Each structure stands twice: as structure tokens, then as C-alpha cells.
Amino acid sequence: LKANAVELFSKMYIFGDSLSDQGNLFNATAEQIPPSPPYFEGRFSNGPNWVDYLAGDLELNPTLFTTLGSGAIPTEGINFAFGGSTTGTENTVALTFSGLTGLPGLEQQIDAFTVPLIQAGQSADPEALYIVWAGGNDYLPTQGSFEPFTDTVTTLANLSDAVQDLTNVGAKNIMVVNLPDLGNTPIALALDGRVPGTTDALNTLTEDHNSGLSELLDQFSQTPDSDVNIIPVDVNSTFREILAQPTEFGLTNVTSPCLNIPAQFVCENPEEFLFWDLQHPTTGVYRIIADLALSALKDPNPDHNHPHPDHNHSHPANVPEPAMALGLFALGALGIGSKRIGKRGSRI
């Protein structure tokens, strides 16, 4: 797979939450969240996350959004994903820790990419890969003031808007990832002990979310004359396989976190754990997710209405990277203090 995947895309743009954040929240919080170590270089895991792995497979190095203000020039795409992002405008990290303002949700991330293009009369690169993975923070309980959603209506509408906004500016290859069963995360299992029914409720929400997401992605794929290539990634099924047969994946613990933050304890065998902390996978499981995403790029669903376009032709030279406009607009719009940003350049 990997040998011939490298020419698939010219750039990659990532929109989402902590599952895909390669260091944006870390930069925006003066390298406080997540604390590294024990977390790995601003990732919410004990090593690289799935975007790190997929980018490596595609031989791309997306620039962190938070480094644009200090002059980083994105030549291979941008990672806009922020830990804590909901699918709307709220960020659960900002609503949990006092003094943190301006942290984006998915909506601001999409705007930070699309608005400068629209203002400049430019189009998105049709040869790039666009990734959207969000929704978990809409439903999961937090220690902050955010009220988790108890149905999927708003979340699915937000995700539909995100995909629509990307297609409106000319994005052609859009990967959308569904959610693993949220009730099986350690945080939900712990809550279920105190509030019985938590696991079932979150798993029902997840099922509703994923079936609704599948329907809305089908609608995008079936639009007449559309040349948009929607690439669904079914993480949920893979997580269910892992939970059903953990030893097949080399795992021995699929219910407890390797990292116990209150006790400041890290397990000795993280490679055997599904979860690094209360809701994020270990780096080994992120590798599995990246492999799943890569296979979705290589072998699109045969039921898919639109064949996967051939990306091996030369990339159009007439798509300028709106780097400065984007960087300045986005940082201003999100109110992120430039003094705190990108002290170390691109972190990847």
C-alpha cells in the first residue's frame, strides 16, 4: 500500500479535535496542554497520532495552524485540528480551564480555511486531501461548563455544513471519519459505575451519529454531476473488532487507561493497551487507524458512486497557497495571542 500511496495527494488539510491535533492546543496553551511528558510532543497519546502516521505514508508534512503567525509557510497543507473542539463553535478545553479564550471549534477551523479563499477569489487545491473527524466532544461529559448533546441533530448538521463549506470552495477529496463507541471509553466506563446507563446511552448516541453521518455522506456522494470524492472511514467497526478480539491486535487491556493522571502513574506496557488516557488511543492503535484510512484511500468502497480520481498526474500550478492572508486572518479571528504561538516552528 504505502509504496504507491505517496503520490496520491499534493497536500493535506486536517480539521477536528484532539484525536487529530499534532500540537495546536499545546502551542496555544504555552505548551501546558497536554503536559508533555507524559504525553508525546503535544499529541494526546504516548506517541505519534494517526495524522502523523498517515502524513508519513503520504509523504506530506502539514504545517501546524498555530505556527502560521510566526511566519511558517505551509507548502504541504495545514493541520487546523484543536484539542477540545466540538463540531460547532465551542471548545471544551476553553470551557474547562479559566483564562483560555479563543480556542476554536470545528466551525472556526473550517472558516479559517475557507473565508480567506473566498475573500481572495481563490479555490481550494483540488489535488489535496481534506480530513474531517469531529463529534466526540459534542457528546462526552467534561469537567467544564459545556453541556454534552443528548441527540445528534446539531452535530450532524455541523458536520454537513463543514463538508459543504469545503466543497463550496473547491475541495474534491474529503475524508470523513465516524466515531468509535463512546460508551466504551474509560471515562464512560468509570461514569457508568456511578451513573448506570452512561455506557448504553453514549453507545446509542454513537450509533445514531454514525448512521446519520453515513446517510449524509451518501447524499454528498450521490449529488448529480458531482466530482467530489467522499472517503468515509469506519473507525467504529475497527474498534468493535479490537474490543471483541483484542489479542488479535496484540492488546491485553481494552478498558483501562495506561496513564493514570491522578496517581501520576504510567503503565509499563502501553503497546498492550487500547487507551492511553480516559478517551484517547495509544500510538499503536493510532497506527491501526492510519492503516484503515490509507486503505480507504487506496480501495474506496465499491458501492461508491464516483470512482476515485487518479491523482498521479501533475498538480496544477495555478492554485496559490493563501498562506499569509490565511495565517493573519485566522489568528486574528480566533483571538490567539501571537506571543504564545509557534515558539519552535512547525512541530511534526
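The values are calculated or read from the model by the stated rules, or taken from the named source; none is laboratory data. Keep in mind that what you see is a predicted model, and the values were worked out from it rather than measured. Backbone-built Cβ (ideal geometry, glycine too); neighbour counts: all protein chains shown.
When the residues of segment 61-80 are filtered to those that are of a type in the set (A, V, I, L, M, F, W, C) and surrounded by 21 or more Cβ atoms within 10 Å (Cβ to Cβ), which remaining residue is farthest from Ala28 (Cα to Cα)?
To start, the set of residues in segment 61-80 that are of a type in the set (A, V, I, L, M, F, W, C) comprises 64-65, 68, 72-73, 78, 80.
Narrowing further to those that are surrounded by 21 or more Cβ atoms within 10 Å (Cβ to Cβ): 64-65, 68, 78, 80.
Details: Leu64: 11, Phe65: 10, Leu68: 12, Ile78: 16, Phe80: 12 Å.
Per the stated criteria, the residue is Ile78.
Does segment 253-275 hold any residues that are part of a strand (DSSP E or B) and of a type in the set (S, T, N, Q), and which are they? Lay out the reasoning, then the answer.
At the first step, the residues of segment 253-275 found to be part of a strand (DSSP E or B) are 253-257, 259-260, 265-266, 273-275.
Listed by number, the residues that qualify are Asn253, Thr255, Ser256, Asn260.
Mind counting the residues in segment 53-98 that are of a type in the set (Ser, Thr, Tyr) and in a loop (DSSP other than H, G, I, E, B)? Full working, then the answer.
First pass over segment 53-98, keeping only residues of a type in the set (Ser, Thr, Tyr): 53, 63, 66-67, 70, 75, 85-87, 89, 92, 96, 98.
Add one more test, that the residue is in a loop (DSSP other than H, G, I, E, B), and what stays is 75, 86-87, 89, 92, 96, 98.
Within segment 53-98, residues that are of a type in the set (Ser, Thr, Tyr) and in a loop (DSSP other than H, G, I, E, B) number 7.
Condition first: over 16 Å from Gly105 (Cα atoms), buried (at least 21 other Cβ atoms within 10 Å of the Cβ) and either among the aromatic types (Phe, Trp, Tyr) or out of contact with any strand residue (DSSP E or B) (no Cβ under 8 Å at 6 or more places or on another chain) (or both). Now tell me which residues in segment 146-183 satisfy that.
Thr152, Leu179, Pro180, Leu182, Gly183
List the number of the failed condition for Val195; all other conditions in (1) of a type in the set (A, V, I, L, M, F, W, C); (2) surrounded by 15 or more Cβ atoms within 10 Å (Cβ to Cβ); (3) over 20 Å from the mean Cα position of the chain (by Cα) hold.
Every listed condition holds for Val195 apart from (2).
Output yes when any residue across segment 224-233 is over 22 Å from the mean Cα position of the chain (by Cα), surrounded by 17 or more Cβ atoms within 10 Å (Cβ to Cβ) and either at pLDDT 95 or above or of a type in the set (Lys, Arg) (or both), and no when none is. Walk me through how you get there before you give the answer.
The first filter runs over segment 224-233 and keeps only residues over 22 Å from the mean Cα position of the chain (by Cα), leaving 224-227.
Retained after the next criterion (residues that are surrounded by 17 or more Cβ atoms within 10 Å (Cβ to Cβ)): none.
Among the residues of segment 224-233, not one is over 22 Å from the mean Cα position of the chain (by Cα), surrounded by 17 or more Cβ atoms within 10 Å (Cβ to Cβ) and either at pLDDT 95 or above or of a type in the set (Lys, Arg) (or both), which makes the answer no.
Which pairs do you get when a residue that is closer than 17 Å to Ala162 by Cα and among the polar types (S, T, N, Q), found in segment 66-83, comes within reach of a residue that is at pLDDT 95 or above and not in a loop (DSSP other than H, G, I, E, B), reach meaning Cβ atoms under 7 angstrom, with the pair 6+ apart or on two chains?
Final answer for the pair search is Asn79/Ile14; Asn79/Asn24; Asn79/Val51; Asn79/Leu64; Asn79/Phe65.
Of these, Leu213, Leu189, which one is in a helix (DSSP H, G or I), within 23 Å of Ser295 (Cα to Cα) and touching a residue at least 40 places away in the same chain (Cβ under 8 Å)? Step through it out loud before you land on a result.
Numbers: Leu189 fails: within 23 Å of Ser295 (Cα to Cα).
Going through Leu213, Leu189 in turn, just one is in a helix (DSSP H, G or I), within 23 Å of Ser295 (Cα to Cα) and touching a residue at least 40 places away in the same chain (Cβ under 8 Å): Leu213.
Answer yes or no as to whether Ser221 is modelled with pLDDT under 95 and under 21 Å from Leu292 (Cα atoms).
Details: modelled with pLDDT under 95: yes; under 21 Å from Leu292 (Cα atoms): yes.
For Ser221, the condition - modelled with pLDDT under 95 and under 21 Å from Leu292 (Cα atoms) - is met.
Please list, ordered by first then second residue, the pairs with beta carbon atoms under 9 Å, 6 or more apart or interchain, first in segment 52-65 and charged (D, E, K, R), second modelled with pLDDT under 95.
Sorted first by the residue in segment 52-65, then by its partner, the pairs are Asp52/Ile348; Asp57/Leu1; Asp57/Lys2; Asp57/Ala5; Asp57/Val6; Glu59/Ala5; Glu59/Val6; Glu59/Glu7.
Tell me, please, whether a residue that is of a type outside the set (Ser, Thr, Tyr) and exposed (fewer than 13 other Cβ atoms within 10 Å of the Cβ) can be found in segment 271-287.
Residues of segment 271-287 that are of a type outside the set (Ser, Thr, Tyr), as a first pass: 271-281, 284-285, 287.
Narrowing further to those that are exposed (fewer than 13 other Cβ atoms within 10 Å of the Cβ): none.
There is no residue in segment 271-287 that is of a type outside the set (Ser, Thr, Tyr) and exposed (fewer than 13 other Cβ atoms within 10 Å of the Cβ).
I'd like to know if segment 262-276 contains one or more residues that are at pLDDT 95 or above, more than 25 Å from the chain's Cα centre (by Cα) and not hydrophobic (A, V, I, L, M, F, W, C).
Scanning segment 262-276, I find at least one residue that is at pLDDT 95 or above, more than 25 Å from the chain's Cα centre (by Cα) and not hydrophobic (A, V, I, L, M, F, W, C), so the answer is yes.
Considering only segment 152-185, state which residues are among the β-branched types (Val, Ile, Thr) and under 17 Å from Ser214 (Cβ atoms).
Step one: filter segment 152-185 for residues among the β-branched types (Val, Ile, Thr), giving 152-155, 163, 167, 169, 174, 176-177, 185.
Matches in segment 152-185: Thr152, Val153, Thr155, Val163, Ile174, Val176, Val177.
If only one of Gly105, Gly99 is free of Cβ contacts under 8 Å to residues at least 40 places away in the same chain, surrounded by fewer than 20 Cβ atoms within 10 Å (Cβ to Cβ) and under 21 Å from Ala30 (Cα atoms), which one is it?
Details: Gly105 fails: surrounded by fewer than 20 Cβ atoms within 10 Å (Cβ to Cβ).
When all the criteria are applied, what remains is Gly99.
State the number of residues belonging to segment 220-252 that are small (Gly, Ala, Ser), at negative phi and not in a helix (DSSP H, G or I).
Applying the first criterion (small (Gly, Ala, Ser)) to segment 220-252 yields 221, 226, 237, 244, 250.
Filter once more, keeping what is at negative phi: 221, 226, 237, 244.
Still in the running and not in a helix (DSSP H, G or I): 226.
The number of residues fulfilling the criteria is 1.
Does at least one position in segment 101-111 carry a residue that is farther than 15 Å from Asn168 by Cβ, touching a Leu at 6+ places or on another chain (Cβ under 6 Å) and small (Gly, Ala, Ser)?
Taking every residue of segment 101-111 in turn, at least one turns out to be farther than 15 Å from Asn168 by Cβ, touching a Leu at 6+ places or on another chain (Cβ under 6 Å) and small (Gly, Ala, Ser).
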